[in-house]
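> Sending over a structure as C-alpha coordinates; questions will come in a sec.
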Amino acid sequence: MSEIVRRLCAAVIATSAIAAFTVGCGSDVEPKAIAESSSVVTETTIPTTSKINGQEGVDDGGDVDIDVAIGDCVELSGTANDANIENAVCGSMNANYKVVAKAPTSDDCATDVDSAYYETIAGDEQGAVCLDVDWVVGGCIDMGTSSSDDQPVRIDCSSSGGTNPVRVIEILQNSSSYTDCSGEADSGLEYPERNFTVCIAEL
(Lines give C-alpha, C1' and ligand atoms only; values in the text may rest on other atoms or scores of the structure.)
Protein backbone atom coordinates (compact mmCIF):
# COMPACT_ATOMS: atom_id res chain seq x y z
CA MET A 1 0.00 0.00 0.00
CA SER A 2 1.28 3.47 -0.86
CA GLU A 3 2.45 5.72 1.95
CA ILE A 4 0.14 8.56 2.96
CA VAL A 5 1.94 11.88 2.75
CA ARG A 6 0.59 14.76 4.81
CA ARG A 7 1.16 18.20 3.38
CA LEU A 8 0.16 21.75 4.00
CA CYS A 9 -0.08 24.79 1.81
CA ALA A 10 1.14 27.54 4.11
CA ALA A 11 -0.52 30.64 2.80
CA VAL A 12 -0.23 33.07 5.67
CA ILE A 13 3.25 34.52 5.48
CA ALA A 14 4.28 37.45 7.66
CA THR A 15 7.36 39.48 6.89
CA SER A 16 9.36 41.41 9.47
CA ALA A 17 7.55 44.35 11.08
CA ILE A 18 4.35 43.19 9.35
CA ALA A 19 5.37 44.92 6.17
CA ALA A 20 3.28 42.54 4.07
CA PHE A 21 1.15 39.44 4.41
CA THR A 22 0.36 36.82 1.83
CA VAL A 23 -3.24 35.73 2.17
CA GLY A 24 -4.36 32.78 0.12
CA CYS A 25 -1.69 31.12 -1.99
CA GLY A 26 -0.51 34.25 -3.73
CA SER A 27 -2.11 37.68 -3.16
CA ASP A 28 0.02 40.35 -1.46
CA VAL A 29 -1.35 42.88 1.02
CA GLU A 30 0.60 46.01 1.82
CA PRO A 31 -0.83 47.41 5.08
CA LYS A 32 -0.15 50.94 6.29
CA ALA A 33 1.04 51.95 9.75
CA ILE A 34 -1.42 53.50 12.23
CA ALA A 35 -1.32 53.94 16.05
CA GLU A 36 -1.44 50.91 18.38
CA SER A 37 -3.94 49.99 21.14
CA SER A 38 -3.23 48.63 24.63
CA SER A 39 -5.89 45.99 25.46
CA VAL A 40 -4.55 42.76 26.97
CA VAL A 41 -5.72 39.13 26.93
CA THR A 42 -3.89 36.96 29.44
CA GLU A 43 -2.87 33.33 29.01
CA THR A 44 -5.41 32.24 31.64
CA THR A 45 -8.22 33.67 29.51
CA ILE A 46 -9.50 31.48 26.68
CA PRO A 47 -11.64 33.80 24.56
CA THR A 48 -14.22 32.57 22.10
CA THR A 49 -13.17 32.39 18.47
CA SER A 50 -14.64 35.34 16.62
CA LYS A 51 -17.60 34.54 14.35
CA ILE A 52 -16.81 35.43 10.76
CA ASN A 53 -19.47 34.89 8.10
CA GLY A 54 -16.91 34.12 5.40
CA GLN A 55 -15.63 31.14 7.38
CA GLU A 56 -18.85 29.15 7.12
CA GLY A 57 -17.86 27.07 4.09
CA VAL A 58 -19.14 23.71 2.92
CA ASP A 59 -18.04 20.09 3.17
CA ASP A 60 -17.43 19.01 -0.42
CA GLY A 61 -15.93 15.66 0.51
CA GLY A 62 -12.39 14.41 0.44
CA ASP A 63 -10.71 12.01 2.82
CA VAL A 64 -8.22 12.95 5.56
CA ASP A 65 -7.29 11.11 8.75
CA ILE A 66 -8.37 13.83 11.17
CA ASP A 67 -12.05 13.94 12.15
CA VAL A 68 -13.08 17.61 12.01
CA ALA A 69 -16.19 19.55 11.08
CA ILE A 70 -16.45 23.04 9.67
CA GLY A 71 -16.05 25.44 12.57
CA ASP A 72 -13.73 23.13 14.52
CA CYS A 73 -10.21 24.27 15.36
CA VAL A 74 -6.88 22.50 14.99
CA GLU A 75 -3.22 22.82 15.84
CA LEU A 76 -1.20 22.63 12.62
CA SER A 77 2.55 22.15 12.82
CA GLY A 78 5.42 20.57 10.92
CA THR A 79 6.67 21.35 7.45
CA ALA A 80 5.11 21.56 4.01
CA ASN A 81 6.08 17.94 3.31
CA ASP A 82 5.64 16.54 6.82
CA ALA A 83 2.65 18.27 8.39
CA ASN A 84 1.02 17.35 11.67
CA ILE A 85 -2.58 18.27 12.53
CA GLU A 86 -4.37 17.75 15.85
CA ASN A 87 -7.80 18.69 17.19
CA ALA A 88 -7.77 21.78 19.43
CA VAL A 89 -10.29 23.85 21.36
CA CYS A 90 -11.09 27.06 19.48
CA GLY A 91 -9.61 30.08 21.20
CA SER A 92 -7.21 27.97 23.28
CA MET A 93 -3.45 28.43 23.29
CA ASN A 94 -3.06 25.29 21.12
CA ALA A 95 -5.49 26.32 18.37
CA ASN A 96 -3.85 28.14 15.49
CA TYR A 97 -6.33 27.38 12.68
CA LYS A 98 -10.08 27.03 12.20
CA VAL A 99 -11.63 24.64 9.66
CA VAL A 100 -13.57 26.78 7.18
CA ALA A 101 -14.28 24.14 4.50
CA LYS A 102 -13.46 20.59 3.39
CA ALA A 103 -12.67 19.73 -0.19
CA PRO A 104 -11.41 16.95 -2.48
CA THR A 105 -8.13 18.85 -3.10
CA SER A 106 -6.40 21.94 -1.71
CA ASP A 107 -7.01 23.69 -5.05
CA ASP A 108 -10.74 23.53 -4.27
CA CYS A 109 -10.33 25.74 -1.17
CA ALA A 110 -11.21 29.43 -1.44
CA THR A 111 -8.31 31.37 -2.94
CA ASP A 112 -7.95 33.51 0.18
CA VAL A 113 -7.78 30.81 2.89
CA ASP A 114 -4.78 31.07 5.17
CA SER A 115 -3.66 27.47 4.76
CA ALA A 116 -4.74 24.02 3.62
CA TYR A 117 -3.88 20.63 5.04
CA TYR A 118 -4.12 17.71 2.63
CA GLU A 119 -3.08 14.10 2.34
CA THR A 120 -1.80 12.31 -0.75
CA ILE A 121 -1.38 8.70 -1.79
CA ALA A 122 1.05 8.06 -4.65
CA GLY A 123 1.05 11.79 -5.37
CA ASP A 124 -2.74 12.12 -5.66
CA GLU A 125 -4.60 14.28 -3.16
CA GLN A 126 -7.24 12.32 -1.23
CA GLY A 127 -8.81 15.26 0.57
CA ALA A 128 -8.12 18.69 2.01
CA VAL A 129 -9.06 20.75 5.03
CA CYS A 130 -9.28 24.48 4.23
CA LEU A 131 -8.01 26.62 7.12
CA ASP A 132 -8.00 30.20 8.38
CA VAL A 133 -6.09 31.44 11.38
CA ASP A 134 -8.23 31.03 14.54
CA TRP A 135 -8.82 34.76 14.88
CA VAL A 136 -9.99 36.06 18.27
CA VAL A 137 -10.72 39.78 18.69
CA GLY A 138 -8.49 40.98 21.54
CA GLY A 139 -6.29 37.89 21.26
CA CYS A 140 -2.67 37.79 20.19
CA ILE A 141 -0.78 35.64 17.70
CA ASP A 142 2.84 35.37 16.67
CA MET A 143 2.59 35.33 12.88
CA GLY A 144 6.17 34.06 12.56
CA THR A 145 8.53 34.80 9.71
CA SER A 146 8.21 34.55 5.95
CA SER A 147 9.22 30.87 6.04
CA SER A 148 6.50 28.66 4.52
CA ASP A 149 7.01 26.22 7.42
CA ASP A 150 6.49 28.86 10.11
CA GLN A 151 2.95 28.48 11.48
CA PRO A 152 1.11 31.12 13.53
CA VAL A 153 1.15 30.51 17.29
CA ARG A 154 -1.25 31.98 19.84
CA ILE A 155 0.59 33.95 22.52
CA ASP A 156 -0.14 35.81 25.73
CA CYS A 157 -0.70 39.47 24.85
CA SER A 158 1.55 40.51 27.73
CA SER A 159 4.44 38.53 26.25
CA SER A 160 7.32 40.35 24.62
CA GLY A 161 8.47 37.22 22.78
CA GLY A 162 7.87 36.02 19.25
CA THR A 163 9.18 37.12 15.89
CA ASN A 164 6.08 38.88 14.56
CA PRO A 165 3.51 39.24 17.39
CA VAL A 166 0.19 40.97 16.67
CA ARG A 167 -3.08 41.65 18.47
CA VAL A 168 -6.44 41.34 16.67
CA ILE A 169 -8.19 44.71 16.98
CA GLU A 170 -11.37 44.04 15.02
CA ILE A 171 -12.82 41.96 12.22
CA LEU A 172 -14.68 43.82 9.49
CA GLN A 173 -17.48 42.00 7.68
CA ASN A 174 -18.39 43.13 4.15
CA SER A 175 -15.03 44.81 3.73
CA SER A 176 -11.92 43.51 2.04
CA SER A 177 -9.73 46.57 2.54
CA TYR A 178 -7.40 47.19 5.48
CA THR A 179 -7.96 50.93 4.90
CA ASP A 180 -11.37 50.46 6.59
CA CYS A 181 -9.67 49.43 9.87
CA SER A 182 -9.93 51.79 12.84
CA GLY A 183 -7.08 54.01 14.02
CA GLU A 184 -6.15 51.41 16.65
CA ALA A 185 -4.92 49.02 13.94
CA ASP A 186 -1.47 49.11 12.36
CA SER A 187 -2.48 46.99 9.38
CA GLY A 188 -4.91 44.33 8.23
CA LEU A 189 -5.24 41.01 6.47
CA GLU A 190 -7.66 41.11 3.57
CA TYR A 191 -9.86 38.21 2.48
CA PRO A 192 -11.25 39.51 -0.83
CA GLU A 193 -13.03 36.36 -2.02
CA ARG A 194 -15.00 36.01 1.21
CA ASN A 195 -15.18 39.76 1.87
CA PHE A 196 -13.81 40.33 5.35
CA THR A 197 -10.73 41.94 6.87
CA VAL A 198 -8.86 41.18 10.10
CA CYS A 199 -7.43 44.39 11.57
CA ILE A 200 -4.28 43.94 13.66
CA ALA A 201 -1.81 45.94 15.74
CA GLU A 202 1.84 45.10 16.33
CA LEU A 203 2.80 44.20 19.91
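The values are calculated or read from the model by the stated rules, or taken from the named source; none is laboratory data. On a predicted model such as this, the values are computed, not experimentally measured, just so you know. As a convention, Cβ positions derive from the backbone with ideal geometry for all residues, glycine included, and neighbour counts pool all protein chains shown. In case anyone asks, the SASA skips ligands and DNA or RNA and just uses the protein heavy atoms, side chains included. Shrake-Rupley method; radii C 1.70, N 1.55, O 1.52, S 1.80 Å.
> Arrange the peptides 75-86, 161-172 so that the one whose residues have, on average, the most other Cβ atoms within 10 Å appears first.
Result, highest mean first: 161-172, 75-86.
> Follow-up question, since we're still on this one. Tell me, what is the per residue accessible area of the stretch 46-174 in Å², probe radius 1.4 Å?
Result: 41 Å² per residue.
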